[in-house]
Amino acid sequence: SVARIFAKALNCHKPQKFQPCNKCASCIEISESRSLDVLEIDAASHTKVDQIRDTIVESVNIMPSRDKYKIYILDEVHMLSKASFNALLKTIEEPPDHVIFIMATTEQTKVLPTVISRCQSFRFKLINKEMISERLKNILANEKIKAPQEALKLISEASGGAMRDALTILDR
């Protein structure tokens with residue numbers, strides 16, 4: 001989710017106060033995972049060197065079709081093999097001006113130090129239970145659904161501080 005927000009901020013055609021507009025073609029397509037210039041790659045299922053070469057290394061020199069940047073979102077990047085990381089390293093070190101890599105992982109210790117040293121890192125913290133409960137309450141109000149405060153509290157506790165998990169539990 002955060003990677004898509006970054007991608008929208010970078011490629012938005014009508015940003016407002018440094019925020020994506022969420023209305024231009026680029027923002028809409030990124031939100032719907034159908035942008036030609038934002039490629040989301042599940043590294044857990046693309047662990048082999050040939051897959052990385054075919055998917056990324058061989059295509060980075062192709063210019064974006066419409067947007068300013070061609071953005072590669074590598075989810076679960078820690079799942080790449082050492083050989084795949086090495087194949088990607090040269091591209092990460094000297095990407096073309098029109099290419100941005102966004103790598104997401106829950107296990108940074110499994111990412112090669114040579115890769116980490118070439119990246120800017122953002123570490124996310126767990127959200128406190130009160131904030132999660134309040135957000136769930138707002139979502140339910142927008143959907144015109146009533147739920148007891150105790151249920152929201154239980155969901156918040158069960159989420160372990162992760163909003164995505166809280167929303168999944170709420171959906172159930």
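I'm trying to understand the selection: among the residues of the stretch 162-172, which are assigned to a helix (DSSP H, G or I) and open to solvent by less than 50 Å² (accessible area, probe 1.4 Å)?
Across the stretch 162-172, the qualifying residues are MET163, ALA166, LEU170.
Does PHE101 satisfy being buried (at least 17 other Cβ atoms within 10 Å of the Cβ) and assigned to a helix (DSSP H, G or I)? If you could, list the steps in order and put the result at the bottom.
On the way: buried (at least 17 other Cβ atoms within 10 Å of the Cβ): yes; assigned to a helix (DSSP H, G or I): no.
Here the answer is no, as PHE101 does not meet what is asked.
Which pairs do you get when a residue that is over 12 Å from PHE6 (Cα atoms), found in the stretch 16-37, comes within reach of a residue that is open to solvent by 70 Å² or more (accessible area, probe 1.4 Å) and not in a loop (DSSP other than H, G, I, E, B), reach meaning Cβ atoms under 7 angstrom, with the pair 6+ apart or on two chains?
Between residues of the stretch 16-37 that are over 12 Å from PHE6 (Cα atoms) and residues that are open to solvent by 70 Å² or more (accessible area, probe 1.4 Å) and not in a loop (DSSP other than H, G, I, E, B), the close pairs are SER33/GLU40.
Which ones in the stretch 10-61 are within 25 Å of GLU107 (Cβ to Cβ), open to solvent by 70 Å² or more (accessible area, probe 1.4 Å) and in a loop (DSSP other than H, G, I, E, B)?
LYS48
Quick test for you: out of LYS82, LYS23, pick the one residue that is among the basic types (Lys, Arg) and at pLDDT below 95. Let's see the steps before the verdict.
Details: LYS23 fails: at pLDDT below 95.
Going through LYS82, LYS23 in turn, just one is among the basic types (Lys, Arg) and at pLDDT below 95: LYS82.
Which of the residues spanning the stretch 52-74 are within 16 Å of LEU89 (Cβ to Cβ) and either free of Cβ contacts under 8 Å to residues at least 12 places away in the same chain or polar (S, T, N, Q) (or both)? Write out each step before concluding.
So the first thing to find is which residues in the stretch 52-74 are within 16 Å of LEU89 (Cβ to Cβ), and the list is 52-53, 55-58, 60, 72, 74.
If the condition is that a residue be within 16 Å of LEU89 (Cβ to Cβ) and either free of Cβ contacts under 8 Å to residues at least 12 places away in the same chain or polar (S, T, N, Q) (or both), then THR55, GLU58 are the ones that fit.
Exactly one of (1) assigned to a strand (DSSP E or B); (2) open to solvent by 10 Å² or more (accessible area, probe 1.4 Å) is unmet by PRO96. Its number?
PRO96 satisfies all of (1) assigned to a strand (DSSP E or B); (2) open to solvent by 10 Å² or more (accessible area, probe 1.4 Å) except (1).
So that you can scan it fast, the table gives a plain yes or no per residue for (1) over 24 Å from MET163 (Cβ atoms); (2) among the acidic types (Asp, Glu); (3) out of contact with any strand residue (DSSP E or B) (no Cβ under 6 Å at 6 or more places or on another chain):
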site: ALA25; (1), (2), (3): yes, no, yes
site: PRO64; (1), (2), (3): yes, no, no
site: ASP67; (1), (2), (3): yes, yes, yes
site: PRO95; (1), (2), (3): yes, no, yes
site: THR106; (1), (2), (3): no, no, yes
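Condition first: under 22 Å from SER1 (Cβ atoms) and surrounded by 13 or more Cβ atoms within 10 Å (Cβ to Cβ). Now tell me which residues in the stretch 140-156 satisfy that.
Within the stretch 140-156, LEU140, LEU152, ILE155, SER156 qualify.
The values are calculated or read from the model by the stated rules, or taken from the named source; none is laboratory data. Model, not experiment: these values are computed from the prediction. Cβ coordinates were reconstructed from backbone atoms using ideal geometry, including for glycine residues, and neighbour counts include every protein chain displayed. Heavy atoms of the whole protein, side chains included, go into the accessibility calculation; ligands, DNA and RNA do not. Shrake-Rupley method; radii C 1.70, N 1.55, O 1.52, S 1.80 Å.
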